[in-house]
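Remarks on the structure that follows.
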Amino acid sequence: MTQCRAELRNVYLNIPVFAPNQMRLIRKPQFLSPVGGNINDNKGKVHIQALRNVSFELEHGEHLALIGHNGAGKSTLLKIISGIYPPSAGEVSVRGSIGCLFDIGAGLTPEMTGHEYIKFYHAVYSNPNELLQDLIEDITEFTELGNYLELPIRTYSEGMRARLMAALATAWRREIFLIDEGIGAGDAAFQIKFSQRVNALLESAGLLIIASHSPELLRKYCTRGLVLKHGEVRMIGPLDEAFDFYARPD
Amino acid sequence: MNIARLASNHPTSNWLRLLPSSILALCEAPLRNPRLWTSLAWMDIVQNYRRTMLGPAWITVNLIIFTIAMTLVYGALFSVPTREYAAFLVCGMIGWFWVAAMLQEVGNTFLSYSHFIKSTSINKAFFIWVAVFKQTIILAHHMVVYAALVIFGVIPFTVYSFAFIPVIVVLFLISIPLTAIVSILFARYRDLSRLVSSLIIVLMMITPIFWQPGMLTGWRLKFVHLNPFYYIIEFIRTPLLGKPLDPTVVAVVLGMGIFFWVVGAEVYRRYQKYVVFWL
């Protein structure tokens, strides 16, 4: 197995905001809003400074919790690590295959059947054709959706849809897992089944980074914590210390 | 759960290394994994026609309806024999559908996969190849009408008709960088798609699709000769009509192709990473 590693060195991320007459939207003088990154304007171009001078290293076997209020930059940081966002400055280097447990199934049409979803993700993740049947069997068994997989997603209940997406999100073994918010889905019985599946998957993961507001979830999987505020790393250390730091008033 | 396998990272093969890095960025991943873009394109076409009785056969039916109506009216207006006009119109329309898609539909490539681009780190070049391959599938559906007209003897099939095979290959290759340019521009400048949709009808009318280029004389001929779309239409239409390709048309199309690759590959290399911010 690859010795996984993730290193961010002085990473900045400015997300441009496009809106007609955008200047009028920004009142001066600027105040730092209690949530979110700084809104800056540079020669009429507005951007949100989502991450500022973020540096940290993760070695193989480390499980990191991202802690911070809404808009602190947790999801953005996950997107930088997964390669979805390019850093505006600084360096991001990641060794190991990445699995993202967020936004799966977003944007796909509800007209697609369960089987088509499975085929779609199978193709997207570039898996060999011979493995498709194994994947279908695995997901059919895990989701217990049976014949429903032949029907369009629009006929599914919320819970059924969640089952399918949860199964797809966890169908492939990866070396690094990035998880955003809760990873639970469906009814109580399915929750147990799902958490067993996640545990099996995460046991073999070299690196794990979870962004969440739930201390229980973070305590369950993580040993270290990173506190983000306004896109800046305020502290990184053992999980309990990170929670204490986060709870402290400014 | 023993299905986990990782996509293997192939080392770049030697012949690909000879290409400049900008061109490589646009075609290396799709060439390594053709199954992804071909199957995504087909799934997309099937999705579009979901819950219809005919499914993607509607693409063929659309062209049939259009040809019948236009032949009856315009053939008479221009006093061209019906069979001759039908042949000219169908072959021209097959070309026009491609050109129109390159200006309009492919521009929405990144926009229609936006959720995907925002949630996975999948190489965006795949979506460009998906868009172009979708047009190839649509063209194949249009070719059914062409084949029927050949069988009924409306369109002559000659030795020159075989030129259509390399024409399609060239067309596909030219369309990759063009799609990269158009889809990046459309993602960044939202006014563009509105502008193009208002111009596209005008463009269709001033390009010789319904009328023969020979019908114009004097300075008006410039509408034909300075219109780049005329050359692409002609490039597709001539072999379909079983006539020899004009070397000027081939030269102009190949020239445009080189231009698109130089510009498109560079535009893609430079700007593809920012696309996620524009969606």
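The longest stretch of chain B left intact once loop-based trypsin sites (Lys or Arg not before Pro) with at most 16 other Cβ atoms within 10 Å are removed from consideration, loops following DSSP, is B:52-189. Farthest towards the positive end of the charge dipole of chain A, among the residues A:Leu64, A:Ile236, A:Asn38, is the Cα of A:Asn38, using unit charges on the Cβ of Lys, Arg, Asp and Glu.
Suppose R0 equals 30 Å. What FRET efficiency, 1/(1 + (r/R0)^6) with r the Cβ-Cβ distance, do B:Met204 and B:Lys273 give to the nearest 0.05? The formula returns an efficiency of 0.30 here. The mean sequence distance of close C-alpha pairs (under 8 Å, at least 6 residues apart), as a share of the length of chain B, puts its relative contact order at 29 percent.
Once you've got the GNM for chain A with C-alpha springs shorter than 10 Å, pick whichever of A:Pro128, A:Pro87, A:Pro215 has the biggest mean-square fluctuation. Residue with maximal mean-square fluctuation among A:Pro128, A:Pro87, A:Pro215: A:Pro128. Distance between the pseudo-spin-label points of B:Gln47 and A:Ser157 (7 Å out from Cα toward the beta carbon): 2.7 nm. With the cut-off at 27 Å, tell me which of the pairs B:Lys124/B:Lys243; B:Lys124/B:Lys222; A:Lys74/B:Lys273; A:Lys79/A:Lys220 have Cα atoms farther apart than that. With Cα atoms farther than 27 Å apart: B:Lys124/B:Lys243; B:Lys124/B:Lys222. Using a Gaussian network model on chain A with a 10 Å cutoff between Cα atoms, which of A:Leu77, A:Leu51, A:Leu217 fluctuates the most? Result: A:Leu217 has the largest fluctuation of those listed.
Among DSSP beta bridges lying fully in segment A:96-250, give the percent that are antiparallel, nearest 5. Numbers along the way, then the final one.
Working: 7 of 16 bridges.
Expressed as a percentage, antiparallel bridges in segment A:96-250 total about 45.
Coupling constants for segment A:64-81 follow from the phi torsions by the Karplus curve (6.51 cos²θ - 1.76 cosθ + 1.60, θ = phi - 60°), and in residue order they are 10, 9, 9, 10, x, 6, 4, x, 6, x, 5, 5, 4, 5, 4, 5, 5, 5 Hz; glycine and proline get x. Over the protein assembly as shown, the fraction of Cα-Cα pairs per 10 Å bin, rounded to whole percents and listed from the shortest bin up, is 3, 15, 23, 23, 17, 10, 6, 2, 0. What a 1.4 Å probe finds exposed on the protein assembly as shown is 60% carbon and sulfur by accessible area, rounded to a whole percent. What chain B shows is 48 Å² of accessible area per residue, with the surface traced by a 1.4 Å probe over protein heavy atoms. On the basis of the beta-carbon distance and an R0 of 45 Å, B:Leu72 and B:Arg17 show a calculated FRET efficiency of 0.20.
Relative to the longest principal axis of the Cα atoms of chain A, the long axis of helix A:114-124 makes an angle of roughly 60 degrees. Note that segment B:91-106 has calculated 3J(HN,Hα) couplings of 5, x, 5, 4, x, 5, 4, 5, 4, 4, 5, 5, 8, 10, 5, 5 Hz, one per residue in order, obtained from phi through the Karplus relation 6.51 cos²θ - 1.76 cosθ + 1.60 (θ = phi - 60°); glycine and proline are x. For chain B, the longest principal axis of the Cα atoms and the long axis of helix B:125-151 meet at an angle of about 30 degrees.
Going through segment B:97-181, which chymotrypsin sites (Phe, Trp or Tyr not before Pro) have at most 13 other Cβ atoms within 10 Å and a DSSP loop state?
Hits after loop and neighbour filter: B:Phe152.
Shown is the FRET efficiency for A:Glu7 and B:Thr248, computed with R0 = 56 Å from the Cβ-Cβ distance and rounded to the nearest 0.05: 0.50. Most simply put, the protein assembly as shown has about 60% antiparallel DSSP beta bridges, counting only bridges with both residues inside it. With the alpha-carbon atoms of segment B:53-191 aligned to their principal axes, the span from lowest to highest coordinate is 54, 32, 31 Å, starting with the largest.
The values are calculated or read from the model by the stated rules, or taken from the named source; none is laboratory data. Just so it is clear, the structure is predicted and the values come from calculations on it, not from any experiment. Note that each Cβ is placed from the backbone with ideal geometry, even for glycine, and that neighbours are counted across all protein chains shown. Accessible surface is based on the protein model in full, side chains and every heavy atom, while ligands, DNA and RNA are left aside. Shrake-Rupley method; radii C 1.70, N 1.55, O 1.52, S 1.80 Å.
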